[in-house]
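Have a look at the structure below, then the notes.
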Amino acid sequence: MAQCMQEHHDPEGNPAMSGTVSPSSRPSPRTVLISGASIAGPALAHWLHRYGFAVTVVERAPELRTGGYKVDIRGAAVEVAERMGILADIQRASTDMRTGAYVNDDGKRIATLPAAIFGARVGRDDEIMRGDLARILYERTRADVEYVFGDSITSLTERADEHGHGSDGTGGVEVTFERGAPRRFDLVVGADGVHSNVRRLAFGPEEQFVRHLGAYISAFSLPNELGLDREELYHAVPGRLSCVYSSAGDPEAKGLLTFRSPRLAYDHRQPDRQLALLDAAFKGVGVRPSEGWTQIPRLLEAARAADDFYFDGLQLVEMDRWSRGRVVLLGDAAHCPSPASGQGTGMALVGAYVLAGELAVAGRGPEEAFDRYEKEMRGYVAVNHALAEKFAKDMTADTRRQIRFRHLMMRILPYMPWKNLVAKKIAEEVQRGANAITLKDHPVLVAAGRHAPTAGHAPATGHAPAAGSPTYAA
Ligand SMILES: Cc1cc2nc3c(=O)[nH]c(=O)nc-3n(C[C@H](O)[C@H](O)[C@H](O)COP(=O)(O)OP(=O)(O)OC[C@H]3O[C@@H](n4cnc5c(N)ncnc54)[C@H](O)[C@@H]3O)c2cc1C
C-alpha cells in the first residue's frame, strides 16, 4: 500500500516531502472530472494531480483551443504561477510588448506610450497569449492527467452508495457524455467558461447568472501586413474600438474589434452569425478615408478568414453559490469578470490553486472544502467585478469629442511632470484587484508514487470509454 507523505512547497513550488502519515487515511485516489481544458481546468488538474487525485479533463473542442487575445498575469496569479513552476515558461512566452499607440484614420500614430503603462503592469506582472498559456498548462499536465477531447457532459446525477451520501466521503456523481460511455466520479468541476455546460446542468439556464456589460469583443489572427513589432495600434470611433498588434515570436498579427451594444441574440457556438453582427457594428467604418481607420475593412475580412475567431459579450457571471453537492464551478464558469477587467485568466489560476488546496486538506466529503474555497475567493472576485464594470464603460468612447480628449491626454502625458503619478494611479487600481487575496500555504497529504494514469488507462472509477469514443490524449 502506498505510503503517505506530508507535502509543503518550496519557493519554486516544488513539493518538499516531510513526515509520514497513516496509509489508511487515503485508501484510493479520489476521482475528479473537470469540464473545460483552457486555463482554469488544466491549472486545477495540475494541483489535484500533485495532491494525489486521479483527474480526467473533458474538452468539447476536438483539440486544445489556441486562439484568443493576450492576457495579463498579475499579482496573486504571478505567485500561483511561481508555485506551479510555470513562471519561467510564462516569462519565456511573454508578449514582450514595447509600445501602445492611438492612430488616426490614415494609421498615423498620434499618441504613443510604453506598453507597461498601457497595460498597468508592475514588478513581475507579465502578459502572454491566452493560447500560449493554455498550451503551457496542457503540456505540464498531459502525462499525468487523462484528457478527453471532442466530448461534453450530457447529465450529472449524484448517487449515494450503501454507506450514505455526502460529507462522510461516500457517494459520487454519475456522468453521461455526448460520445463516451457513462462514468462515475467523486467530484465534478465546471471549468468550462462563461457559457458553462456544467453550470447549466447543475444550476440552471445561463440567463440567471450572466450580466451583460453593454459591449462585445472579438479577437482573431491576421497577416502582419502593417509590419508591427511588439506594438499595438488602437483606433476609436464613437462606440467602437479597433486594435491590431503583434507580439514577440508571433509571425502573425492579432486583430481585436470591440463595439458597444445592448444584448444581442445569437448562438455562442455559431461564428457565422457572430461575424454578421461584427460586420453590422462596423459597417461603413474606414471604407473611405475620414470615415474611420482604413484598416477596418481588412480587419473584418481577416476575422472571416481566421481559424481562431473568438467573439463574446463583455459579461459578468454572478452567482450566490459556486457548488451544489459534489459539483463545483471554477474560473469564468463561476465568476467571469469579463475581458474588461483584465483579470479573468489570473483569477482562473488563483481559483484553481485555492480550490485544489482546500480539497487536499479536507476530508473525503467536499462540502467543507467548497465552502472554504468560496469564502477565500469571494472578496477577490467582488473587487475585480467592480473594476470590470468601471473599465467596461471606458473601453469605448461615446462621442468624437471624448475621443479627441483622450488623444490629447495621451499626447501630452509623456511631457508632463506628473506623468509617473498618473501611470501609478491607473496601475494602483488594477493592482488592488490583482492582489485582493492572500494565498494560503497548503500542507497536504500525498500518496507516494502518486497516481499517474497513462494513455488509455482504465478509469479508477466508472466505466472504460466506449469503442469509437473520442480521442483520449495522455
Ligand atoms: C478560444 C478562446 C479565446 C479566448 N479569447 C479571449 C480574449 O481574447 N480575451 C479575453 O479576455 N478572454 C478570452 N477568452 C476567455 C479567457 O480565456 C478566460 O476569461 C479566462 O482565461 C478564464 O479561463 P477559463 O478556463 O475559466 O474559461 P475559458 O478560457 O473560457 O475556457 C473554457 C473551456 O471550456 C471549454 N468548454 C466549453 N463548453 C464545454 C463543454 N460543454 N464541455 C467541455 N468543455 C467545454 C471551452 O472550449 C474552453 O476550452 C478566451 C477563451 C477561449 C476558450
**Q.** Selected residue (only one of 90, 110 is touching a residue at least 24 places away in the same chain (Cβ under 8 Å) and within 15 Å of the ligand (Cβ to nearest atom))
**A.** 90
Q | Qualifying residue in the stretch 45-67 (condition: away from the ligand (no atom under 12 Å from the Cβ) and part of a strand (DSSP E or B)) | A | yes
**Q.** Filtered residues of the stretch 282-305 (kept if of a type in the set (Gly, Ala, Ser), at pLDDT 95 or above and surrounded by 13 or more Cβ atoms within 10 Å (Cβ to Cβ))
**A.** 302, 303
Q. Which members of the stretch 212-233 meet the condition of being assigned to a strand (DSSP E or B) and either more than 15 Å from the ligand (Cβ to nearest atom) or of a type in the set (Asp, Glu) (or both)?
A. 212, 214, 223, 231, 232, 233
Q.
Kindly evaluate residue 121 against the criterion of being under 30 Å from residue 240 (Cβ atoms) and either more than 12 Å from the ligand (Cβ to nearest atom) or in a loop (DSSP other than H, G, I, E, B) (or both).
A. yes
Q | Given (1) in a helix (DSSP H, G or I); (2) out of contact with any helix residue (DSSP H, G or I) (no Cβ under 6 Å at 6 or more places or on another chain), index of the condition residue 199 fails | A | (2)
Q) Residues of the stretch 257-281 being within 16 Å of the ligand (Cβ to nearest atom) and modelled with pLDDT of 95 or more, which ones? A) 257, 258, 259, 274, 275, 278
Q: For the stretch 198-206, state whether one or more residues are under 30 Å from residue 114 (Cα atoms) and basic (Lys, Arg).
A: no
Q: Return the residue satisfying two criteria in turn: it lies in the stretch 343-373 and is buried (at least 24 other Cβ atoms within 10 Å of the Cβ) and outside any helix (DSSP H, G or I), and of such residues it is farthest from the ligand (Cβ to nearest atom).
A: 366
Q. What number goes with the only condition from (1) over 28 Å from residue 318 (Cα atoms); (2) in contact with a helix residue (DSSP H, G or I) (Cβ under 7 Å, 6 or more places away or on another chain) that residue 383 does not pass?
A. (1)
Q) surrounded by 16 or more Cβ atoms within 10 Å (Cβ to Cβ), more than 27 Å from residue 111 (Cα to Cα) and either in contact with a Phe, Trp or Tyr (Cβ under 8 Å, 6 or more places away or on another chain) or touching a residue at least 24 places away in the same chain (Cβ under 8 Å) (or both) - does that describe any residue in the stretch 262-269? A) no
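The values are calculated or read from the model by the stated rules, or taken from the named source; none is laboratory data. Predicted, not measured: the structure shown is a model, and the values here were computed from it. FYI the Cβ positions are ideal-geometry reconstructions off the backbone, even for glycines, and counts take in every protein chain you see.
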